[in-house]
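Here is the structure we will look at, set down as structure tokens.
The values are calculated or read from the model by the stated rules, or taken from the named source; none is laboratory data. Since we're looking at a predicted model, the values are computed, not measured. Here the Cβ positions follow ideal geometry from the backbone for every residue, glycine too, while neighbour counts run over all protein chains shown.
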Amino acid sequence: MSPSIQESETVAPVDNRRSWIEPIFNYLQADILPDDRVEARRIKAKSAKFCILYGKLYKKSFTGPYLRCVTPREAYDVLKSLHQEECGNHSGARSLSNRAITAGYYWPTMRVDSQNHVKSCDKCQRLAPISHLPPGMLNSISAPWPFMKWGMDIVGKLPAAPGGVVYMLVLTDYFTKWVEIGAYQQVRDTEVRNFIWRNIICRFGVPKEIVTDNGSQFISFDFKNFCDKYAIKLSFSTPRYPQANGQAESTNKTIINTLKRRLEAEKSQWAEKLPEILWSYRTTPRRSTGETPFSLVYGSEAVIPIETRLSTARSENPNEEQNNLELSFELDHLDERRDRAALRTQSYQQQVARHYNKKVNVRVFKLHDWVLRRVFQNTREEGAGKLGPTWEGPYQITDVVGRGAYKIRGLDGRERHNSWNALHLKQYHF
């Protein structure tokens, strides 16, 4: 008998007539309270954190301007836009909720709703990275000021895009996490020199150090002379150990995962999507710094598409004189913001190191659980290359063999041959 799954589409909540906003709004606007005394006291206390602007409810924020309070349906629209529409990058739950706050929105269950939204995203589950045990202790690399140290790497081959480009040259600033990417047919030392001159030196100044691998274009005589000319220190990672250039590898992984989720069947259009991907990356708060790369570079946040449809405090009634004054204040405090970002980065690196060095990755499944199975070389989507999915399925656990091994069957009801170790399985959420 073939197993069945009752799949339901994720839909936005529809009850906007009485949401969490209504009691607070009624109290602030007309001093209306419920008959229940306990509930009335609770609303009074909670209302101190809110105010009414332009006929809408806003929450006072610790991190920036007032946050517009949204109904459950509007909250769904915000999460959908930030996670999977034109400015979305399928980021994690923490990043998604932080980005909603950065964009100027608030509702009481942001963290939980973000977790549920990401957890049930089919693309995020199928394209999630494969977990690997660490080979050794983690040594974190950081930079004391912006644009001092850049991580550089080449990504490819990718599916041929218009113009025959199949490679990406990626540079990431260690401090701000700002990313610059170029698309090329081939990446020789000439392309590397020209890219660094145009996109790094002419825009951000001469860096003190560039960290890269041992690619022939990076160790060539001409490229070393180029770096010597501008007193740029070249640091090389250990051969066949890409984790030594962790910042570049981390950026590559994020960019590739975002491309895969945005392109689907149109994988040859990756080069045309790069500006959108870069924009999304630069306007998403990085967990290590707690800030967006855009804000650490320019001192303010970028305007994103959702704000043109669902206005926030800064876009509801713009005042050029006030905006210029606020921008001046932000620029005055930019150094302080960068100092805080540096401290958060150090704290984050210590936290990651403690977690990374434990070398623990336990996966336990129960009978009838649904899982995804790792995609192997012989089961890869033909022609997808690095843009193909990393997991396939879902499959149902039919027998717990023991010692982390499981029998599985597909949606067609057929049992898959052999037992599969938990190392190659991943929980699937509907």
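Can you confirm whether residue 374 is charged (D, E, K, R), within 28 Å of residue 155 (Cα to Cα) and either surrounded by 15 or more Cβ atoms within 10 Å (Cβ to Cβ) or out of contact with any Cys (no Cβ under 9 Å at 6 or more places or on another chain) (or both)?
On the way: charged (D, E, K, R): yes; within 28 Å of residue 155 (Cα to Cα): yes; either surrounded by 15 or more Cβ atoms within 10 Å (Cβ to Cβ) or out of contact with any Cys (no Cβ under 9 Å at 6 or more places or on another chain) (or both): yes.
When the stated conditions are applied, residue 374 passes them.
Can you confirm whether the stretch 56-69 contains a residue that is of a type in the set (S, T, N, Q) and either surrounded by 13 or more Cβ atoms within 10 Å (Cβ to Cβ) or closer than 30 Å to residue 275 by Cβ (or both)? I'd like the intermediate steps shown before the answer.
Taking the stretch 56-69 first, the residues of a type in the set (S, T, N, Q) are 61, 63.
Imposing the further condition that a residue be either surrounded by 13 or more Cβ atoms within 10 Å (Cβ to Cβ) or closer than 30 Å to residue 275 by Cβ (or both) reduces the set to 61, 63.
Looking through the stretch 56-69, at least one residue is of a type in the set (S, T, N, Q) and either surrounded by 13 or more Cβ atoms within 10 Å (Cβ to Cβ) or closer than 30 Å to residue 275 by Cβ (or both).
What number of residues within the stretch 375-422 are aromatic (Phe, Trp, Tyr), in contact with a helix residue (DSSP H, G or I) (Cβ under 9 Å, 6 or more places away or on another chain) and not in a loop (DSSP other than H, G, I, E, B)? Reasoning before the result, please.
Taking the stretch 375-422 as the starting set, the residues that turn out to be aromatic (Phe, Trp, Tyr) are 376, 391, 395, 406, 420.
The next check asks that each one be in contact with a helix residue (DSSP H, G or I) (Cβ under 9 Å, 6 or more places away or on another chain); those that pass are 376, 391, 406.
Cutting the leftovers down to not in a loop (DSSP other than H, G, I, E, B) gives us 391, 406.
Residues flagged as aromatic (Phe, Trp, Tyr), in contact with a helix residue (DSSP H, G or I) (Cβ under 9 Å, 6 or more places away or on another chain) and not in a loop (DSSP other than H, G, I, E, B) within the stretch 375-422 amount to 2.
Pairs, please: C-beta under 8 Å, at least 6 apart or cross-chain, first residue basic (Lys, Arg) and in the stretch 414-426, second at pLDDT 85 or above and assigned to a loop (DSSP other than H, G, I, E, B)?
416/410
Being at pLDDT 90 or above, assigned to a strand (DSSP E or B) and of a type outside the set (A, V, I, L, M) is true for just one of 180, 191. Which residue is that? Show your work before the answer.
Values: 191 fails: assigned to a strand (DSSP E or B).
Result of the check over 180, 191: 180.
Identify, please: which residue in the stretch 229-249 is touching a strand residue (DSSP E or B) at 6+ places or on another chain (Cβ under 9 Å) and modelled with pLDDT of 80 or more and is, among those, surrounded by the most Cβ atoms within 10 Å (Cβ to Cβ)? Break it down stepwise before answering.
Residues of the stretch 229-249 that are touching a strand residue (DSSP E or B) at 6+ places or on another chain (Cβ under 9 Å), as a first pass: 232-237, 242, 244-249.
Adding the requirement that they be modelled with pLDDT of 80 or more leaves 232-235.
Working: 232: 18, 233: 12, 234: 16, 235: 13.
Per the criteria, the residue is 232.
Let me confirm something: among 274, 310, 325, 278, which residue is modelled with pLDDT under 80, on the phi < 0 side of the Ramachandran plot and among the hydrophobic types (A, V, I, L, M, F, W, C)? Quick ask: steps written out before the conclusion?
Numbers: 274 fails: modelled with pLDDT under 80; 310 fails: modelled with pLDDT under 80; 278 fails: modelled with pLDDT under 80.
Criteria check complete, one pass: 325.
Can you pull out the helices (runs of 4 or more DSSP H) entirely within the stretch 66-148 that have at least 1 residues that are at negative phi, at pLDDT 90 or above and not β-branched (Val, Ile, Thr)? Quick ask: steps written out before the conclusion?
Numbers: elements: 72-84, 93-103, 110-119, 122-126.
Correct list: 72-84, 93-103, 110-119.
May I ask you to say which residue of 422, 405 is surrounded by 13 or more Cβ atoms within 10 Å (Cβ to Cβ), of a type outside the set (S, T, N, Q) and closer than 24 Å to residue 121 by Cα?
Working: 405 fails: closer than 24 Å to residue 121 by Cα.
Matching residue, one of 422, 405: 422.
Could you list, ordered by first residue, the pairs with Cβ atoms under 8 Å in which the first is in the stretch 110-132 and over 20 Å from residue 355 (Cβ atoms) and in contact (Cβ under 8 Å) with a residue 24 or more places away in the chain and the second is among the acidic types (Asp, Glu) and surrounded by fewer than 20 Cβ atoms within 10 Å (Cβ to Cβ), at least 6 apart or interchain?
Taking only residues 6 or more apart or on different chains, the pairs are 126/392.
State whether the residues of the stretch 347-356 include one that is surrounded by 11 or more Cβ atoms within 10 Å (Cβ to Cβ), assigned to a loop (DSSP other than H, G, I, E, B) and either touching a Phe, Trp or Tyr at 6+ places or on another chain (Cβ under 6 Å) or modelled with pLDDT under 70 (or both).
Step one: list which residues in the stretch 347-356 are surrounded by 11 or more Cβ atoms within 10 Å (Cβ to Cβ), which gives 347-353, 355-356.
Filter again for assigned to a loop (DSSP other than H, G, I, E, B), leaving none.
Looking through the stretch 347-356, none of the residues is surrounded by 11 or more Cβ atoms within 10 Å (Cβ to Cβ), assigned to a loop (DSSP other than H, G, I, E, B) and either touching a Phe, Trp or Tyr at 6+ places or on another chain (Cβ under 6 Å) or modelled with pLDDT under 70 (or both).
For the condition more than 22 Å from residue 291 (Cβ to Cβ) and either touching a residue at least 60 places away in the same chain (Cβ under 8 Å) or among the aromatic types (Phe, Trp, Tyr) (or both), what is the one hit in 187, 165, 170?
Details: 187 fails: either touching a residue at least 60 places away in the same chain (Cβ under 8 Å) or among the aromatic types (Phe, Trp, Tyr) (or both); 170 fails: more than 22 Å from residue 291 (Cβ to Cβ).
Result: 165 is the single residue among 187, 165, 170 that is more than 22 Å from residue 291 (Cβ to Cβ) and either touching a residue at least 60 places away in the same chain (Cβ under 8 Å) or among the aromatic types (Phe, Trp, Tyr) (or both).
In the stretch 57-73, how many are without any contact (Cβ under 8 Å) to a residue 60 or more places away in the chain and within 29 Å of residue 282 (Cβ to Cβ)? Before the answer, list the steps.
Going through the stretch 57-73, the residues without any contact (Cβ under 8 Å) to a residue 60 or more places away in the chain turn out to be 57, 59-63, 69, 71.
Within this subset, residues satisfying the condition of being within 29 Å of residue 282 (Cβ to Cβ) are 59-63, 69.
Residues that pass the stated criteria total 6.
Name the single residue, out of those in the stretch 74-94 being of a type in the set (D, E, K, R) and surrounded by 15 or more Cβ atoms within 10 Å (Cβ to Cβ), that is farthest from residue 286 (Cα to Cα).
Restricting attention to the stretch 74-94, the residues satisfying the condition of being of a type in the set (D, E, K, R) are 74, 77, 80, 85-86, 94.
Now drop any that are not surrounded by 15 or more Cβ atoms within 10 Å (Cβ to Cβ), which leaves 74, 77, 80.
Details: 74: 25, 77: 22, 80: 19 Å.
Among those that are of a type in the set (D, E, K, R) and surrounded by 15 or more Cβ atoms within 10 Å (Cβ to Cβ), it is 74.
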